[in-house]
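Here the structure comes first, spelled out in structure tokens, and everything after it is commentary.
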Amino acid sequence: MRDKEIKIFKESEINQFLEKELVDWTYDGKWIRKTYKTHSWKSTLMVVNAIGHLAEVAWHHPDLVISYAFVEVKLMTHAKKGISQMDFDLAKKIDEFILWDPVDEQLSLEGTPSDPRFAYVKYKK
């Protein structure tokens, strides 16, 4: 669907970008990947649906591995069989969205309670 050339990054460029720009994302030689820990099946499904929305809007689709209390996101540019700027951009947007905590921004919103009945994503603080 794209007319312009897609640049595929070298391993050293990928690792450098991940180190500087994307917390807890790793490169395994094929994919950039990250695991989001959740508190329950319900929150796992909410994370999956949020990622699905972002991927559809971006028209760039990750592979997902899901289980009761985690979602693993795996990104690569399938058409080029490598890592492109599209992968980095979608990874960054997924992090911004999934890891958003209104408490960090001192908003009037209180954020999801830590009570196990309501807990959502496990934030690293």
How many of the residues making up region 78-96 are outside any strand (DSSP E or B) and open to solvent by less than 50 Å² (accessible area, probe 1.4 Å)?
-> 9
Does region 66-77 contain any residue that is in contact (Cβ under 8 Å) with a residue 12 or more places away in the chain, buried (at least 17 other Cβ atoms within 10 Å of the Cβ) and not hydrophobic (A, V, I, L, M, F, W, C)?
-> yes
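Here's the yes/no breakdown for (1) touching a helix residue (DSSP H, G or I) at 6+ places or on another chain (Cβ under 7 Å); (2) within 16 Å of residue 92 (Cα to Cα); (3) open to solvent by 60 Å² or more (accessible area, probe 1.4 Å):
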{"position": "14", "(1), (2), (3)": "no, yes, no"}
{"position": "19", "(1), (2), (3)": "no, yes, yes"}
{"position": "32", "(1), (2), (3)": "yes, yes, no"}
{"position": "38", "(1), (2), (3)": "yes, no, no"}
{"position": "50", "(1), (2), (3)": "yes, yes, no"}
{"position": "56", "(1), (2), (3)": "no, yes, yes"}
Scan region 11-64 residue by residue and report those that are part of a strand (DSSP E or B) and under 12 Å from the mean Cα position of the chain (by Cα).
-> 26, 32, 33, 34, 35, 36, 37, 63, 64
Search result, residues across region 107-121 that are in a loop (DSSP other than H, G, I, E, B) and surrounded by 14 or more Cβ atoms within 10 Å (Cβ to Cβ) | 111, 112, 119, 120
With criteria (1) of a type in the set (S, T, N, Q); (2) over 18 Å from residue 124 (Cβ atoms); (3) open to solvent by 30 Å² or more (accessible area, probe 1.4 Å), residue 26 comes up short on (2)
Pull up region 97-106, narrow it to residues that are open to solvent by 80 Å² or more (accessible area, probe 1.4 Å) and part of a loop (DSSP other than H, G, I, E, B), then point me to the one that is modelled with the lowest pLDDT.
-> 106
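The values are calculated or read from the model by the stated rules, or taken from the named source; none is laboratory data. This structure is a prediction, so every number in the text was calculated from the model and none was measured. Glycine also receives a Cβ, built like all others from the backbone with ideal geometry; neighbour counts cover every protein chain displayed. Just so you know, the surface numbers come from the protein's heavy atoms only, side chains and all, with ligands and any DNA or RNA stripped out. Shrake-Rupley method; radii C 1.70, N 1.55, O 1.52, S 1.80 Å.
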